[in-house]
Amino acid sequence: MVEKKGLSYWLSHAGLILGVIVIGFPIWLAFVASTVTQSEIVSPPMPLLPGGEFITNYKEALFSGINAPVALMLLNSTIMALGIALGKIFISLLSAFAIVYFRFPGRQLFFWMIFLTLMLPIEVRIVPSYGVVAQFGMLNSYSGLIFPLIASATATFLFRQFFLTIPNELTEAARVDGAGPVRFFFDIILPMSKTNIAALFVILFIYGWNQFLWPLLITTDPSMNTIVMGIKQMFPSGDDNANWPVIMATSLLAMVPPVLIVIFMQKFFVRGLIESEK
Amino acid sequence: MKARNNRMASIRIKEVFKSFYKTKIIHGISIDIQEGEFLVIVGPSGCGKSTLLRMVAGLETVSAGEIFINGRMVNEDEPMERNVAMVFQNYALYPHMNVFNNMAYGLKIAGTSKKEIKTRVDNAASILQLEDLLERKPRDLSGGQRQRVAMGRAIVRKPDVFLFDEPLSNLDAKLRVKMRLEIKALQRSLKTTSLYVTHDQVEAMTLADRMVVMNNGKAEQIGVPLEVYDYPATLFVAQFIGSPSMNIFKGNSNNNAVTFGDSIEISSKTRFDGEVFVGIRPEHLIVDPDGLLTVRLKITEPLGANTLVYGTVKGTNEEVVISLPGTVEIDSLKNEMRLSFQNKNIHIFDRKTNKRIG
Ligand SMILES: Nc1ncnc2c1ncn2[C@@H]1O[C@H](COP(=O)(O)OP(=O)(O)OP(=O)(O)O)[C@@H](O)[C@H]1O
Ligand SMILES: [Mg+2]
């Protein structure tokens, strides 16, 4: 560490602190708004320090909410995000395994077909997807929330690239040791992919958590609402007053699980990266 | 050779061919490996050694021909069914498993009992001095230790055959010599039939009970190391085995008389008419004031135990290298040197077929 406290040192720190304030201030305001009463918010000037309604507001948000209790929406979101992340990882591990380790007719074709679906995000195919899900009677259900989002060309591609870096000799050593394809997958490939899985899990969990359009479309029952769309649903239509403290509390609560996932999983994949299993 | 015939051939490679798509790599090789024998395949890079070994292992299909292990045709068998163990050049240890599990993995798959696995792994670990490392991951081991783990993984399985693909080429020179001796001692005590691939002729000469010299997908010669050294069957073998390489001069044979160099005439036991190559190993040239061969000196390389002298043959300007024992002070003013040789150390090859004729 070079200890150099010149002008550039102070400038760069000032820049960073300014950045933190710019990003952190709205969150702080949201927090303040979630701890005061409705009347305190609507009467200017807006308070800048937390008030005394923290427990009341969060209790109201969590257990009664506006359309549905936030606790329930959090649960729905968690199930959806976990389902999407784990499902995507599972499917793309299997398809990458097939593409890299098995020689079957049309292998390249399938790979490119999977790759092409990268260009078809849910927004592009939302009408047919809705049709299919509706026909299967999966509206307002977890499977309807999860399955249409589960295929992942990105993850398949990443796993494929990773498998290609696993030395051939290792595969052959496993064959000589008598490991069939299934054993090889579970005993060698899966543990070696740990780091990649952890990293992808974080990214895909947040991807799933932030889904907005799709849940909005297929969940009409408030008890199936997810939190990200739920916040939008809380805004009143027409002349009703928005219950800002509860909405703000909900927003902050919606950020907690992704933040926890990042903090918790970070340990795993940073350690994995340092250990470098190859 | 006679004594071996009444023993069972442990591996029989019969007229084996291999091509990748249109490219032919192995052009019909037949080798019989006796039970307990240590057979080394040596040859230059790209000659198909690994391919041949991998066909025996079952990692590569056989294009034509048959491979037998213990009398059973194994062409269609998976590697595991052949009961072979292989040591790879880069060790191929499972990076996420500790040393114990690396060695135990094959046994676990085979369904061996926990107790038996532990006994066998502990036994292998003590033979290979790995007892203190059983909990370590491969990345925390030195090259030599990894090499030992790879060996351990092979021996715990008690296979019918050990296959080695250049297992020492990633080690430094000193460790290579040490591990070479260990492998040899281990194979001696286990008496497991072994097939060992290397491009290093010193390794081949020291390890082999018999060796196969391969070139361009063909077995040029199969024999015990000294036999191959003393009686190379082809020009290629003559030049490939021995360091520095054998000196080769153009010559002519007329009946039993062979002439080469500056009209040097020698007699050969074999009658032959036509163009030949005459070969003499660098260590078989002797400094002799009355010698027939006159060499113009270029440079010397003192190696300590011996000295290499490079020069050209007077008359034909062919390159020649001489290995003289000890440190030799060459009088730099006297830049010519006379050398003699014994007739028994002369090798004669047909220049058309490159085959040995005497
Ligand atoms: N899977 C493959 N597809 C096409 N060609 C191959 C394949 N494997 C090997 N070859 C070719 O076969 C030839 C022999 O390869 P091989 O690995 O057996 O050589 P080697 O004698 O082991 O050489 P080295 O000492 O460098 O390991 C090479 O020319 C190589 O390019
Ligand atoms: Mg090779």
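The values are calculated or read from the model by the stated rules, or taken from the named source; none is laboratory data. Since we're looking at a predicted model, the values are computed, not measured. So basically every Cβ, Gly included, is an ideal-geometry build from the backbone, and we count neighbours across all protein chains shown.
Does B:Ile183 fit the bill of being more than 11 Å from chain A (Cβ to nearest Cβ), away from ligand 2 (no atom under 16 Å from the Cβ) and over 27 Å from B:Ser45 (Cβ atoms)?
no
Being in a strand (DSSP E or B) and of a type outside the set (A, V, I, L, M) is the filter; apply it to segment B:166-210 and report the residue that is farthest from ligand 1 (Cβ to nearest atom).
Taking the candidates together, the pick is B:Thr193.
Could you say which residue among A:Ile89, A:Ile146, A:Ile99 is more than 25 Å from the chain's Cα centre (by Cα), at pLDDT 90 or above and closer than 30 Å to A:Lys194 by Cα? Lay out the reasoning, then the answer.
Numbers: A:Ile89 fails: more than 25 Å from the chain's Cα centre (by Cα); A:Ile146 fails: more than 25 Å from the chain's Cα centre (by Cα).
The match here is A:Ile99.
Looking at the structure I just gave you, is A:Leu170 at pLDDT 90 or above and surrounded by 12 or more Cβ atoms within 10 Å (Cβ to Cβ)?
Yes: the conditions hold for A:Leu170.
Kindly evaluate A:Leu116 against the criterion of being away from chain B (no Cβ under 14 Å), over 30 Å from B:Met86 (Cβ atoms) and buried (at least 19 other Cβ atoms within 10 Å of the Cβ).
Details: away from chain B (no Cβ under 14 Å): yes; over 30 Å from B:Met86 (Cβ atoms): yes; buried (at least 19 other Cβ atoms within 10 Å of the Cβ): no.
No.
For segment A:136-144, indicate whether the set of residues that are in contact (Cβ under 8 Å) with a residue 24 or more places away in the chain, assigned to a helix (DSSP H, G or I) and of a type in the set (S, T, N, Q) is non-empty. Let's see the steps before the verdict.
The first filter runs over segment A:136-144 and keeps only residues in contact (Cβ under 8 Å) with a residue 24 or more places away in the chain, leaving A:138-142, A:144.
Within this subset, residues satisfying the condition of being assigned to a helix (DSSP H, G or I) are A:142, A:144.
Narrowing further to those that are of a type in the set (S, T, N, Q): none.
Checked against the condition, which is being in contact (Cβ under 8 Å) with a residue 24 or more places away in the chain, assigned to a helix (DSSP H, G or I) and of a type in the set (S, T, N, Q), segment A:136-144 yields no hits at all.
Does segment B:297-305 contain at least one residue that is assigned to a loop (DSSP other than H, G, I, E, B) and at negative phi?
There is at least one residue in segment B:297-305 that is assigned to a loop (DSSP other than H, G, I, E, B) and at negative phi.
Can you run down the residue pairs with Cβ atoms below 8 Å, 6 or more apart or on separate chains, where the first is in segment B:81-101 and more than 8 Å from every other protein chain (Cβ to nearest Cβ) and among the aliphatic types (A, V, I, L, M) and the partner is buried (at least 20 other Cβ atoms within 10 Å of the Cβ) and assigned to a loop (DSSP other than H, G, I, E, B)?
B:Val87/B:Pro167; B:Val99/B:Leu130
Based on this model, can you work out whether B:Lys334 counts as basic (Lys, Arg), at pLDDT below 90 and surrounded by 15 or more Cβ atoms within 10 Å (Cβ to Cβ)?
Considered against the rule, which asks whether it is basic (Lys, Arg), at pLDDT below 90 and surrounded by 15 or more Cβ atoms within 10 Å (Cβ to Cβ), B:Lys334 comes out as no.
Within segment B:211-251, which residues are within 9 Å of the chain's Cα centre (by Cα) and away from ligand 1 (no atom under 13 Å from the Cβ)?
Correct list: B:Met211, B:Pro225, B:Ile241.
Would you tally the residues in segment B:113-144 being under 21 Å from B:Leu186 (Cβ atoms) and within 12 Å of another protein chain (Cβ to nearest Cβ)?
Total satisfying the criteria: 1.
Condition test on A:Leu75, is it free of Cβ contacts under 8 Å to residues at least 60 places away in the same chain, of a type in the set (A, V, I, L, M) and within 25 Å of A:Ile227 (Cβ to Cβ)? Steps first, please.
Working: free of Cβ contacts under 8 Å to residues at least 60 places away in the same chain: yes; of a type in the set (A, V, I, L, M): yes; within 25 Å of A:Ile227 (Cβ to Cβ): yes.
Criteria met by A:Leu75.
Mind checking which residues of segment B:164-178 are modelled with pLDDT of 90 or more, of a type in the set (A, V, I, L, M, F, W, C) and surrounded by fewer than 22 Cβ atoms within 10 Å (Cβ to Cβ)?
Matches in segment B:164-178: B:Val177 only.
For every residue, the table says whether it meets (1) more than 8 Å from chain A (Cβ to nearest Cβ); (2) charged (D, E, K, R); (3) under 25 Å from B:Pro138 (Cα atoms).
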{"site": "B:Gly43", "(1), (2), (3)": "yes, no, no"}
{"site": "B:Thr51", "(1), (2), (3)": "yes, no, no"}
{"site": "B:Val56", "(1), (2), (3)": "yes, no, no"}
{"site": "B:Ala64", "(1), (2), (3)": "yes, no, no"}
{"site": "B:Asp77", "(1), (2), (3)": "yes, yes, no"}
{"site": "B:Met103", "(1), (2), (3)": "yes, no, yes"}
{"site": "B:Lys108", "(1), (2), (3)": "yes, yes, yes"}
{"site": "B:Gly111", "(1), (2), (3)": "yes, no, yes"}
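List every residue pair whose Cβ atoms sit under 9 Å apart, with the two residues 6 or more apart in sequence or on different chains, where the first one lies in segment B:50-74 and is touching a residue at least 24 places away in the same chain (Cβ under 8 Å) and on the phi > 0 side of the Ramachandran plot and the second, anywhere, is within 11 Å of ligand 1 (Cβ to nearest atom) and not aliphatic (A, V, I, L, M).
Within 9 Å, the pairs are B:Gly65/B:Lys18.
Can you tell me which residue in segment B:226-255 is farthest from B:Arg271 (Cα to Cα), limited to those that are without any contact (Cβ under 8 Å) to a residue 60 or more places away in the chain and in a helix (DSSP H, G or I)?
My answer is B:Leu226.
Is at least one residue of segment B:95-114 under 23 Å from the mean Cα position of the chain (by Cα), closer than 18 Å to A:Thr171 by Cα and surrounded by 23 or more Cβ atoms within 10 Å (Cβ to Cβ)? Talk me through it step by step, then tell me what you get.
In the first step, residues of segment B:95-114 are kept if they are under 23 Å from the mean Cα position of the chain (by Cα); the result is none.
Within segment B:95-114, not a single residue is under 23 Å from the mean Cα position of the chain (by Cα), closer than 18 Å to A:Thr171 by Cα and surrounded by 23 or more Cβ atoms within 10 Å (Cβ to Cβ).
Scan segment B:37-53 and give yes if some residue there is more than 16 Å from ligand 2 (Cβ to nearest atom) and in contact with a helix residue (DSSP H, G or I) (Cβ under 6 Å, 6 or more places away or on another chain), otherwise no.
yes
For segment B:143-163, state whether one or more residues are buried (at least 21 other Cβ atoms within 10 Å of the Cβ), modelled with pLDDT of 90 or more, more than 30 Å from B:Gly111 (Cα to Cα) and within 16 Å of ligand 1 (Cβ to nearest atom).
Checked segment B:143-163: no residue is buried (at least 21 other Cβ atoms within 10 Å of the Cβ), modelled with pLDDT of 90 or more, more than 30 Å from B:Gly111 (Cα to Cα) and within 16 Å of ligand 1 (Cβ to nearest atom).
For residues that are outside any helix (DSSP H, G or I) and either touching a residue at least 60 places away in the same chain (Cβ under 8 Å) or in contact with a Pro (Cβ under 9 Å, 6 or more places away or on another chain) (or both), tally how many sit in segment A:199-235.
So the count comes out to 7.
Regarding segment A:195-211, can at least one residue be identified that is touching an Asp or Glu at 6+ places or on another chain (Cβ under 8 Å), within 14 Å of chain B (Cβ to nearest Cβ), surrounded by fewer than 19 Cβ atoms within 10 Å (Cβ to Cβ) and under 26 Å from A:Met265 (Cβ atoms)?
no
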